[in-house]
Amino acid sequence: MILEDLVRLRRARDLMDRDYAKPLDVPALARTAFMSPGHFSRSFRAAFGETPYSYLMTRRIERAKALLRRGDLTVTEVCFAVGCTSLGSFSSRFTELVGESPSSYRARRHDDGAAIPACVSKIYTRPVRNGEAKSASRP
């Protein structure tokens, strides 16, 4: 992969990090990277190890976890706040990545991580992909 392509892919990834709550699809992201949708998807996966959709959903679930820990929004409100349009799909993906349902996650106490700096807690609270949450033993 040439450096110029990597710069373009990072531009699209930065867009997903920044605008995760907006409707983003592969064609729109590909335009940001000045690539065709097919080339963008293949290149993104080669560069970052996951598909653009998987990366975007991980960002959305990561943000959803933070909103659910606050406890002032319902699961439905969180779903729409992070850019998901289907509560069922959001709940399924959340459960797959986190290992528990959004409702269970919201109801659970989260005091034990309150004193940990955000930069450190992000490492331990980042959602995992591909069903890893079921078998992973996390600290």
Fill in the blank from the handout: Under the Karplus relation with 6.51, -1.76 and 1.60 and θ = phi - 60°, whole-Hz ³J(HN,Hα) for the range 31-42, x at Gly and Pro, equal 4, 4, 8, 6, 9, 6, x, x, 5, 4, 4, 5
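Quick check: convex hull over the Cα atoms of the range 65-114, volume per residue in Å³, rounded to an integer?
Working: hull volume 3.5 nm³, N = 50.
Value for the range 65-114: 71 Å³ per residue.
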Completion exercise
Computed over the range 1-76, the distribution of all Cα-Cα distances in 10 Å bins, rounded to whole %, is 19, 48, 21, 11, 1
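Where a number appears in this text, it was derived from the coordinates with a stated rule and is not lab data. If you're wondering where the values come from, they're calculated on a predicted model, not measured in any experiment.
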